[in-house]
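Colleague: One structure, pasted below without further comment.
Throughout, read-outs are computed from the coordinates displayed, never taken from laboratory work. In this text, all values refer to a predicted model and were calculated from it rather than measured experimentally. All Cβ positions, even for glycine, are placed from backbone atoms using ideal geometry, and neighbour counts span all protein chains on display.
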Amino acid sequence: MPPDLLRGLLIALMALDHANFHIAQQHSSGEYWGGHFPVYDTALGFLTRYITHLCAPGFFFLMGVSMILFQSSRQMKSWQKGEVRRHFLLRGMVLILVQFFLDINQVWTTRASTGPLWYGGVLAALGAGMILCVPLLDLKPVYLGAIAGFLFVVMEILTPSPLLWGRNFDRLAGVLLVYGGGGEDFWVNYPLLAWAELIVCGMIFGRILLKDRSKAYRWAGGSSLLLLVGFTIIRTLNSFGTIRPLPVDSWMDFLSVVKYPPSLAFVCLTMGINLFLLWVFSRGECEQLSERHPLLVFGRTPLFSYVVHIMIYLILGRLLAPEGTSLGVMYLFWLGGLAILYLPANWYGVFKSRQPPRAWVRYL
């Protein structure tokens, strides 16, 4: 249940980010390794964007957790190893195809903006990451930890200097795997290897969770503190781990981190908070929540909720706020959109739970 609650919260926060894009039309251009870094005029604008940073790393981490838990549950139902792996391969392909469907329908545009023909977004990276990590399913946590640590350090080293922004976007391997970027027709925000490290970390947590549930959540609470301390140290030193050193003249400057690709500072901060939330959700009070609690409903229908909520805010934005709104009004639209999303997500969750383990809806 705690992973479902965290995933549901991340869905709600992601909805805030997309409401900001489609309703307020005040979404930042992105916290990239090069180019202009976002500057905010108000604390509300900064925090509205900042809190949504939890989403991507949380989704990748929880995917790793889910892969381990799914494998264990299906093995107890007599699934063969090959069948489990085929499920993950097909599921990964479905995620990539859904990304393609959203791209060709230009859902990443507003009246005031245009988007690339193909956008390497979070769904494509999650799908490709799932496929990439299938061979790691049976590795021991110590080997998974070595792989994750290697990727964290190497990705930081391989990310180019900000001075090279725009000059190396023709290097397809670097764009797809390490640092992202692109051109008018093709853009990648989530390079595969730079985000796969978080899937591997989730797989480690999944292994711990299977052995000792209480120990796993205590580990999450302790690790959250260590990661937040690590963020403070990295950001204070303002050197390795930040990808691009950023000036620190205010608290907003200090909290500013490179997300594309994820810097060590970004990972330490966001995963520190995500693991703390996971620990909070493991407390006894959360165990008593109804199955119809919104966070559980959204968390157990992530792909469905993702696609539907984008369509909700896209339609609301184009029909009711074609010129954008203030952030205050956007927050009302955000809550209204979540209320609209709840009923279909709840219906789909009930429908999916009643299907057999090998039903096609399990891929959605």
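Colleague: Could you work out the Kirkwood radius for the chain, taking every pair of different alpha carbons, averaging 1/r and inverting it, reported in Å?
Modeller: 21.0
Colleague: Name the most mobile residue of Gln25, Gln75, Gln288, meaning the one with the largest mean-square fluctuation, in a Gaussian network model of the chain with Cα contacts below 10 Å.
Modeller: Gln288
Colleague: Follow-up question, since we're still on this one. Would you mind ranking Val94, Val258 by Cβ crowding within 10 Å, fewest neighbours first?
Modeller: Val94, Val258
Colleague: Let me ask something additional. May I ask for the longest run of the chain untouched by trypsin sites (Lys or Arg not before Pro) that are loop-located per DSSP and have at most 15 neighbouring C-beta atoms (other than their own) within 10 Å?
Modeller: 172-282
Colleague: Run down the lysines and flag those whose C-alpha is under 21 Å from the C-alpha of Lys140, throwing out any fewer than 8 positions away in its chain.
Modeller: The qualifying lysines are Lys81, Lys211, Lys215.
Colleague: Compute the distance from the alpha-carbon center of region 1-79 to that of region 220-275, in whole Å.
Modeller: Using only Cα atoms, the two centres lie 16 Å from each other.
Colleague: For the chain, modelled as a Gaussian network with Cα springs under 10 Å, which listed residue fluctuates most, His22, His53, His293?
Modeller: Judging by the Gaussian network model, the answer is His293.
Colleague: Which of Thr301, Thr325, Thr42 moves the most in a Gaussian network model of the chain with Cα springs under 10 Å?
Modeller: Top of the fluctuation ranking is Thr42.
Colleague: Arg171 to Glu291: FRET efficiency via 1/(1 + (r/R0)^6), r the Cβ-Cβ distance, R0 45 Å, to the nearest 0.05?
Modeller: Working: r = 48 Å, r/R0 = 1.08.
Using R0 = 45 Å, I get an efficiency of 0.40.
Colleague: Shifting gears a bit: Could you please rank Leu314, Leu198, Leu341, Leu13, placing first whichever residue has the fewest other Cβ atoms within 10 Å of its Cβ?
Modeller: Sorted ascending by nearby Cβ count, the order is Leu13, Leu314, Leu341, Leu198.
Colleague: How far, in nm, would the chain grow between Leu13 and Phe150 when pulled straight, counting 0.36 nm per residue and subtracting the alpha carbon separation? Before the final figure, lay out each step's value.
Modeller: Working: separation 137, 0.36 × 137 = 49.32 nm, distance 3.01 nm.
Length gained, Leu13 through Phe150: 46.3 nm.
Colleague: Follow-up question, since we're still on this one. At 7 Å along Cα-to-Cβ for each site, give me the label-to-label distance between Leu163 and Val248 in nm.
Modeller: 2.4
Colleague: Moving on to the next point. Ranking Asp249, Asp103 by Cβ neighbours within 10 Å, fewest first, what do you get?
Modeller: Ascending number of Cβ neighbours within 10 Å: Asp249, Asp103.
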